[in-house]
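No value in this document is a laboratory result; all are computed from the given coordinates. Since this is a predicted model, take the numbers as computed values, not measurements. Reconstructed Cβ throughout: ideal geometry from the backbone, glycine too, with neighbour counts over all protein chains shown.
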Amino acid sequence: MHETTTLLVEVGALLFLLGLLGRLSRRIGLSPIPLYLLAGLAFGHGGLLPLNASEEFFAVGAEIGVILLLVMLGLEYSANELVGNLRSAAPAGLIDGLLNALPGAAFALLLGWDWVAALVLAGITWVSSSGVIAKVLGDLGRLGNRETPVILSVLVIEDLAMALYLPLVTAVLAGTGLLGGGIALAIAVGTVLLVLVVAIRYGNAISTFMSAKDPEALLLGVLGMTLLVAGVAAKLQVSAAVGAFLVGIALSGPVAHHATELLTPLRDLFAAVFFVFFGLVTDPRDIPPVLLPALGLAIVTMATKTLTGYLAARRVGIAEPGRWRAGLALVPRGEFSIVIAGLAVAAGSVEPKLAALATAYVLITVVTGPMLARLPDLAWFKRWVRQRGAAQRAQPAPVPD
């Protein structure tokens, strides 16, 4: 009874604190992710006031948080939209992967870490934070801008790439090596393609099994099916997150719309728990030694991510100001970076400094990113862009041979 009481006190106090931090983040115009991570650091191992009784609760909540993040991501896209985006944005996605995954892998190798840590760090530096970026675009009133579809297409390609990357890295972390990882990747590719085909042809029929008119039944049905499929996927070494993503893809129409509305509060709750748990299992005393490397990595990959958006926008004919808006908007890393680092921490077989480096890296990019996104709206930046464009137009055309 005493343990249950302690658990209730710790969980209640921490959730109440998270509510205050979320409100504070909205007041100062930042994402709540860094504040949640800092709360976890403060109350975890080596923190100011370690919480021991509630750690197991937050561990389970963190797993559910990842699953809900992925199913909500799948609900945002229909299978047809996903296939269409894949065809149109594949070149931008390839540039994105090369420019942002390779620096992470190279950085790990420069630090003397093994190839498994390099594979993990490549994923951490590759994927932008869809949640943070969507909030920034909304706050800045850019949802209707010409460059916004370019930004969203890059994010969609990253989301789909994660459906293939996560099974690979999960298998490698489990110690199966490249062969086992390749098998897991092949299974994941086959599963994703199968689900896309089924969703395109029979998506409406699948959705009819879920009643959009009964909110309680819809919530229980979608949540239960998501957890079930995620659990089966994890048993098959495909990745629970990918299983959840595929459930979201398979649902469409009014069912997907109503499920999104019902699951959003749960997603927000358990996503906060997930970020807190990652902070809880990271010793804050490990961060100062990796702070300088994390800053260097952040500077390099913020530049490469800006270049990604700039090139993607230029490819579809967006003007110079829009190219910079697209590039700078893509800078923040967040939920997926922490998910990938969390897999490595749970495996326990990767470089021990990785969790601290990932925490510091995400904190830097998620705080700096929204501020950098505002640069194109500043007068001096607009003036610099105009001068740069004028200088380029003034250059003489090359003389043909």
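Below, the figures for the structure above:
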read-out: Dipole of the chain, positive direction: furthest Cα of A319, L363, Q387, with charges on the beta-carbon; value: Q387
read-out: Around L137: net Lys/Arg minus Asp/Glu count, Cβ-Cβ under 12 Å; value: +2
read-out: At 1.002 mPa s and 20 °C, Stokes diffusion of the chain via Kirkwood alpha-carbon radius, µm² per second; value: 97
read-out: Mean Cβ count within 10 Å, highest first, over the residues of peptides 121-129, 365-373; value: 121-129, 365-373
read-out: Selection from G144, V198, G175, by position along the positive dipole direction of the chain (Cβ); value: G144
read-out: Potential extension, E3-D377 segment - 0.36 nm per residue separation minus Cα distance; value: 129.3 nm
read-out: Theoretical ellipticity at 222 nm over the chain - DSSP helices of four or more residues, -39500 (n - 2.57) apiece, nearest 500; value: -27500 deg cm²/dmol
read-out: Charge tally in the Cβ shell below 14 Å around N100, where Lys, Arg are +1 and Asp, Glu are -1, N100 excluded; value: 0
read-out: For the chain: relative contact order, % (alpha-carbon pairs under 8 angstrom, 6 or more apart); value: 27
read-out: Between segment 149-177 and segment 231-304, the alpha-carbon center distance in angstrom; value: 12
read-out: Residues with amide H under 5 Å from that of I318, placed H, sequence gap 5 or more; value: none
read-out: Sites matching chymotrypsin sites (Phe, Trp or Tyr not before Pro) across segment 263-320 that sit in DSSP coil, with at most 11 neighbouring C-beta atoms within 10 Å; value: none
read-out: Table column - 3J(HN,Hα) (Hz), segment 353-361, Karplus curve with 6.51, -1.76, 1.60, x for Gly and Pro; value: 7, 4, 4, 5, 5, 5, 4, 4, 5
